[in-house]
Amino acid sequence: MALDTVRGLSPASRKIRWLGISVAVIVALYSAGWFYVASKIEETVRNFIARPGPVELACDGLTRTGTPFRIGFACDRTSVKDDATGGMLAAGAIHAVANIYSPGSAIVELTGPADLSLLDGTAVTANWSLLRSGFSVGFSGLKTLSNTGENLSIDLFNYELVEPLVAKARHGEFHIRGNGADVDVAVLADDFALATKSGAEILPMLSTSTELTLKDKADLLEGKPLTSKAMQGTLTSFKIATPQGLFGEMSGPFEIDEKGYISGTFKTRLEKLDLWEANLLKLFPKADNTISGMAALFKGLAKGGDAVTVNLVIDKGRITLSMFPLGHIPPL
């Protein structure tokens, strides 16, 4: 009877009917395939979390989520414990999602707060309104990683500190990607502030960004260990700006030797010289003679202006700025 009904339809109606049947079959097969693939991925995730080793992972309440074109997973609570170092990290819910048509890319969101504790008594508590990570991987390892955070705060406690420190930023970003044999890194923080737990200001509110390239270090993205501290790179840009108009930027090539000491020559531009002098005097009151001498020299070089460009030189950790010694960077 059904066949007779089909035969009684016009050619156009029969095409539409068979098209509808074909679509229904395709949707059914796709749905079956989606559930099969999702179940296999879920099994892989559970096995990865449960595998024995020095690092213990926990993902309480693991559930599978998704839509016809996405596969996702969520946990109510997450934690990482490193038996080798005694470190422990605990955080809130985590949500991860990947597109079916692009399984090598995923987006992960983590809910705060996160608590980190170390054997030496160091304790870190971090919180945020949004923390999102997007990454893509290839056959050889990680290709790109982008992290974005909103309303970030970090509390740091350590027995060597006089009192705990509090760092905050309205917005933060961290990006890393492979660029041939090199690795590009970018970091950004808007409205960053550092103070003690009691509220004493250590750094005034500022915004900062860093862009650099590490030469011949693409192996790090493939998960290979760093066998030597020695490396070369280019600081494309390091910027600092405050709401009052203070601005600074530096750039230039650098290298790190086997012992971890940094060397390089960096073109440095400073704007609002009076603000630089006032802020540095506030941060380093015992270095008032050096700071005032530098300010006088720079104002002379500016020839009545409010900006100057000079070279900052680092020689195996020793820092000088226009012949003024500024201090020493310890080895990395």
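Do we have E271 as closer than 27 Å to S322 by Cβ and without any contact (Cβ under 8 Å) to a residue 60 or more places away in the chain here?
Here the answer is yes, as E271 does meet what is asked.
Do we find a residue being touching an Asp or Glu at 6+ places or on another chain (Cβ under 8 Å), open to solvent by less than 30 Å² (accessible area, probe 1.4 Å) and more than 24 Å from L206 (Cα to Cα) anywhere in the range 303-322?
No.
Restricting to the range 229-251, count the residues that are farther than 25 Å from N279 by Cα and either β-branched (V, I, T) or in contact (Cβ under 8 Å) with a residue 60 or more places away in the chain (or both).
Counting residues in the range 229-251 that are farther than 25 Å from N279 by Cα and either β-branched (V, I, T) or in contact (Cβ under 8 Å) with a residue 60 or more places away in the chain (or both) gives 3.
Given the residues L203, L235, L188, which is the only one that is surrounded by fewer than 17 Cβ atoms within 10 Å (Cβ to Cβ), under 30 Å from N151 (Cβ atoms) and under 23 Å from the mean Cα position of the chain (by Cα)?
Within the list L203, L235, L188, the selection yields L203.
Looking only at residues in the range 289-323 that are of a type outside the set (A, V, I, L, M), within 19 Å of S251 (Cα to Cα) and touching a helix residue (DSSP H, G or I) at 6+ places or on another chain (Cβ under 8 Å), which one is modelled with the highest pLDDT? Lay out the reasoning, then the answer.
Initially, the range 289-323 is screened for residues of a type outside the set (A, V, I, L, M), giving 289-290, 292-293, 298-300, 303-306, 309, 311, 315-318, 320, 322.
Filter once more, keeping what is within 19 Å of S251 (Cα to Cα): 298, 309, 311, 315-318, 320, 322.
Pick out the ones that are also touching a helix residue (DSSP H, G or I) at 6+ places or on another chain (Cβ under 8 Å) and you get 298, 322.
Values: F298: 87, S322: 73.
Among residues in the range 289-323 that are of a type outside the set (A, V, I, L, M), within 19 Å of S251 (Cα to Cα) and touching a helix residue (DSSP H, G or I) at 6+ places or on another chain (Cβ under 8 Å), the one modelled with the highest pLDDT is F298.
For the range 133-147, give me the residue count where each residue is surrounded by 14 or more Cβ atoms within 10 Å (Cβ to Cβ) and farther than 22 Å from M88 by Cα.
Residues in the range 133-147 being surrounded by 14 or more Cβ atoms within 10 Å (Cβ to Cβ) and farther than 22 Å from M88 by Cα: 10 in total.
Can you find, within the range 148-184, the residue that is least open to solvent (accessible area, probe 1.4 Å) among those that are modelled with pLDDT under 95 and polar (S, T, N, Q)?
Here the answer is N158.
Check off (1) free of Cβ contacts under 8 Å to residues at least 24 places away in the same chain; (2) in contact with a helix residue (DSSP H, G or I) (Cβ under 7 Å, 6 or more places away or on another chain); (3) part of a strand (DSSP E or B) for P204 and give me the number that stays unchecked.
The number of the failed condition is (1).
Test of understanding: among L220, L281, L226, L332, which residue is over 24 Å from V183 (Cα atoms) and either in contact (Cβ under 8 Å) with a residue 24 or more places away in the chain or surrounded by fewer than 17 Cβ atoms within 10 Å (Cβ to Cβ) (or both)? Before you say what the answer is, go through the steps one by one.
Details: L220 fails: over 24 Å from V183 (Cα atoms); L226 fails: over 24 Å from V183 (Cα atoms); L332 fails: over 24 Å from V183 (Cα atoms).
When all the criteria are applied, what remains is L281.
Find all pairs meeting these conditions: Cβ atoms under 9 angstrom apart; at least six residues apart or on different chains; first residue within the range 171-199 and free of Cβ contacts under 8 Å to residues at least 24 places away in the same chain; second residue assigned to a loop (DSSP other than H, G, I, E, B).
From residues that are free of Cβ contacts under 8 Å to residues at least 24 places away in the same chain, the pairs are D191/P243.
Could you check the range 102-132 and list, in sequence order, the residues that are more than 16 Å from the chain's Cα centre (by Cα), surrounded by fewer than 16 Cβ atoms within 10 Å (Cβ to Cβ) and within 21 Å of D60 (Cα to Cα)?
P113
Take M250 and decide whether it is hydrophobic (A, V, I, L, M, F, W, C) and in contact with a Ser or Thr (Cβ under 8 Å, 6 or more places away or on another chain).
yes
Consider the range 89-121. How many of its residues are modelled with pLDDT of 90 or more and farther than 23 Å from T148 by Cα?
Residues meeting the conditions: 1.
The values are calculated or read from the model by the stated rules, or taken from the named source; none is laboratory data. Since this is a predicted model, take the numbers as computed values, not measurements. In this analysis, Cβ positions are derived from the backbone assuming ideal geometry, glycine residues included, and neighbour counts consider all displayed protein chains. Ligands, DNA and RNA are excluded from the accessible area calculation, which covers all protein heavy atoms including side chains. Shrake-Rupley method; radii C 1.70, N 1.55, O 1.52, S 1.80 Å.
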